[in-house]
Amino acid sequence: MSIIIAPSILAADFANLQRDIEMINNSEADWLHIDIMDGMFVPNISFGMPVMEAIQRHSKKPLDVHLMIEKPERFLSTFKDLGAFQITVHEECCPHLHRTIQQIKDLGCKAGVALNPHTNLNTLEYIIADLDLVCLMSVNPGFGGQKFIPLTYEKVSRLKELIVTRGSDCLIQVDGGVNEETGLKLVDRGADVLVAGSFVFNSSNPLQTISSLKKKLAELEQ
């Protein structure tokens, strides 16, 4: 399977959101990553349902929704109706994680679990086989443009071992501080999905940036 690139709309120009979404539509990106923040679980508020609805109207890429919110089970069906093909919740927010994952799957969506940088991988040991994706945060969640935490490389390697040991086929996604340098190293350790925000949207030529990363990732897989 080729490596998936999922630009994070959090880094887009919100005053020109349709323009930036259409740019991603015309790019070699695979998914559009959408961070929903509530100002409680993370110290920031991003956007909610009305903006998500607008994104759905214009995006031609699958919508990968990352809920950085408390009690995410309250809104799972809402985000499904707003076009999410995949919904990722934080382990730290779900005391009944298995139930929440089943709720996502019952909606017909792919189900993912995100872990903050400090959260131990052991928390996934008995649920990894039920997951479609694990999102490793390589920055502390809440803001775009943060510096990549190097220990993420080791965490990716250990997660890959856990996936193989448990016979899971879930994907490894990394979110935060991803650029060409970190992205190639992450894939070499076992990452399948790269969430790139500032690296894409702050570049002088986002289309070329995505294309160049895709090419180098393809060469790495050969």
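Read-outs: derived from the displayed coordinates by stated rules, not from any lab. Bear in mind the structure is a predicted one, so any value in this text is a computation, not a measurement. Cβ atoms come from the backbone with ideal geometry, glycine included; neighbour counts cover every protein chain shown.
Could you calculate the FRET efficiency of Ser211 with Asn122 from 1/(1 + (r/R0)^6), where r is the beta carbon distance between them and R0 is 45 Å, rounded to 0.05?
Values: r = 39 Å, r/R0 = 0.86.
Calculated value: 0.70.
Report, for the stretch 21-117, the % of DSSP beta bridges that are antiparallel, rounded to 5. Walk me through the intermediate numbers first.
Numbers: 1 of 17 bridges.
Percentage antiparallel, nearest 5: 5.
If Lys and Arg each add +1 and Asp and Glu each add -1, what is the summed charge of the other residues whose beta carbon sits under 14 Å from the beta carbon of Ala12?
On the way: positive: Arg19, Lys61; negative: Asp13, Asp20, Glu22, Asp35.
That sum, taken over residues with Cβ under 14 Å, equals -2.
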- Note on the chain: helices (DSSP H) long enough, at least 18 Å by alpha carbon along their axis, and hydrophobic enough, mean Kyte-Doolittle at least -0.5, are 152-165, 206-221
- Task: Cross-chain or 8 or more residues apart, Cα under 21 Å: how many lysine pairs in the chain fit that? Count them up, please.
- Result: 21
- Using the scaling law 2.2 N^0.38 Å as the reference, what is the normalised Cα Rg of the stretch 53-108? 1.12
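If R₀ is 35 angstrom, what is the calculated FRET efficiency for the pair Ser157 and Ser204, using the beta carbon separation as r and rounding to 0.05?
Working: r = 33 Å, r/R0 = 0.95.
Using R0 = 35 Å, I get an efficiency of 0.55.
From Cα pairs below 8 angstrom and at least 6 apart in sequence, can you work out the relative contact order of the chain, rounded to a whole percent? Don't skip to the end; give the middle numbers.
Values: 421 pairs, mean separation 47.3, N = 222.
Over the chain, the number comes to 21 percent.
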- Go ahead and set up a Gaussian network model of the chain, Cα springs under 10 Å, then flag whichever of Asp132, Asp106, Asp38 fluctuates most. Asp106
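Mean separation of Cα pairs under 8 Å and 6+ residues apart, divided by the residue count of the stretch 38-122: what relative contact order is that in percent? The partial results should precede the final answer.
Working: 105 pairs, mean separation 22.2, N = 85.
Taking the mean separation of contacting Cα pairs over the length of the stretch 38-122, I get 26 percent.
Calculate how large, on average over all directions, the projected area of the Cα convex hull of the stretch 4-221 is; give the answer in nm² to one decimal. Kindly include the intermediate steps, with their values, before the conclusion.
Numbers: hull surface 43.2 nm².
For the Cα atoms of the stretch 4-221, the hull's average projected area reads 10.8 nm².
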- Max mean-square fluctuation residue, GNM over the chain, Cα-Cα springs under 10 Å, options Gly83, Gly112, Gly48: Gly48
- Taking the stretch 1-103 on its own, what percent of its Cα-Cα pair distances exceed 17 Å? 51 percent
- Note on the structure: Bridge orientation stat for the chain from DSSP, antiparallel percent rounded to 5, came to 5 percent
- Query: Which residue fluctuates the most in the chain, going by a Gaussian network model with Cα springs under 10 Å, if the choices are Val134, Val113, Val164?
  - Reply: Val164
- Task: Could you let me know the centre-to-centre spacing of the stretch 189-222 and the stretch 90-165, using Cα atoms, in angstrom?
- Result: 21 Å
- By the C-alpha gyration tensor axes a ≥ b ≥ c (rounded if a/c is under 1.5, else prolate when a/b exceeds b/c, else oblate), the shape of the stretch 175-222 is oblate
- Can you give the helix-only mean residue ellipticity at 222 nm for the chain, where every DSSP H stretch with n ≥ 4 adds -39500 (n - 2.57) and the sum goes over all residues, rounded to the nearest 500 deg cm²/dmol? -10500 deg cm²/dmol
